[in-house]
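Please find one structure pasted underneath; my questions will follow.
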Amino acid sequence: MKIGILQTGHAPDELQPVLGDYSDMFQDLLHGQGFEYDVYNVVDNEFPEGVEAADGWLITGSKHGAYEDHDWIPPLEDLIRAIVTEGRPLIGVCFGHQIIAQALGGKVEKFAGGWAIGRQTYDFNGIEMSFNAWHQDQVVERPEGAIVLASNDFCENAVLLYGDRALTIQPHPEFDAPMIEGLANTRGRGVVPDDLLDAALDNLDKATANDTFADQMADFFRRERA
């Protein structure tokens, strides 16, 4: 099964020699699942010729906002709607989570409650799972038909399911402790409040459910569809 990774941003230059770019992190996360990958840097206006270029699609995180005026965002939204209409599985993470919601009629904005940084715990229908987060923007209005799979007091729409068409998550199952530490050192200070960064760094050694969600992502991609 071929997965097309739509890369909507790049990891900091200082981190890429060791940690790779965002597309590399997803391939590491899904290692052993038997997928093949093509990467499209949509943030640099590199788009696939059509939805048939891959069997499933994945949209990465980004430093940009879904509501910002970038020339690559409208064609990305068109592509999202085409993928959903075609019925090919689509997964979105952080910015990917947000742009899918926006493209399908939801609303994304800079959250009045501020930032979520580092390890956060979410309620999956009574089961707690923790992931690393790095975001200020949130989905504040869900598209019609979107079902909430997970939330917490800070982020109501943390994981959304759109039938068998799309699965999206606000935190980052592809981010491990070195990535959070690296982001804190390269993009955090002076932007994110120091107390949030310090708390995130203090929790780097605590476990996350990245592997569990990776299995859920793989199962979603492979699910039989009519």
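Look at Arg222 and say whether it is among the basic types (Lys, Arg) and over 27 Å from Phe35 (Cα atoms).
No: the conditions fail for Arg222.
All but one of (1) β-branched (Val, Ile, Thr); (2) in contact with a helix residue (DSSP H, G or I) (Cβ under 8 Å, 6 or more places away or on another chain); (3) not in a helix (DSSP H, G or I) hold for Ile180, so report the exception by its number.
(3)
Which numbered condition in (1) more than 24 Å from Asp211 (Cβ to Cβ); (2) surrounded by fewer than 19 Cβ atoms within 10 Å (Cβ to Cβ); (3) of a type in the set (A, V, I, L, M, F, W, C) is the only one that Ile73 fails?
(2)
Please specify each residue of the range 152-168 satisfying the condition of being among the aliphatic types (A, V, I, L, M) and either buried (at least 24 other Cβ atoms within 10 Å of the Cβ) or over 16 Å from Met129 (Cβ atoms) (or both).
Selection gives Ala158, Leu160, Ala166, Leu167.
Something else now. Can you give me the number of residues within the range 185-216 that are in a loop (DSSP other than H, G, I, E, B), over 18 Å from Ile169 (Cβ atoms), among the β-branched types (Val, Ile, Thr) and touching a residue at least 24 places away in the same chain (Cβ under 8 Å)?
Going through the range 185-216 one residue at a time, the tally reaches 0.
Any residue in the range 47-67 that is over 10 Å from Leu79 (Cβ atoms) sitting within a Cβ distance under 6 Å of a residue that is polar (S, T, N, Q) and part of a loop (DSSP other than H, G, I, E, B)? List the pairs, counting only those 6 or more apart or interchain.
Qualifying pairs under 6 Å: Thr60/Gln7; Thr60/Thr8; Ser62/Thr8.
The numbers here are math on the coordinates, done by the rules we state, and not lab data. The structure presented is a predicted model; accordingly, all values stated were derived computationally and were not measured. Here the Cβ is made from the backbone with ideal geometry for all residues, glycine too, and neighbour counts use every protein chain on show.
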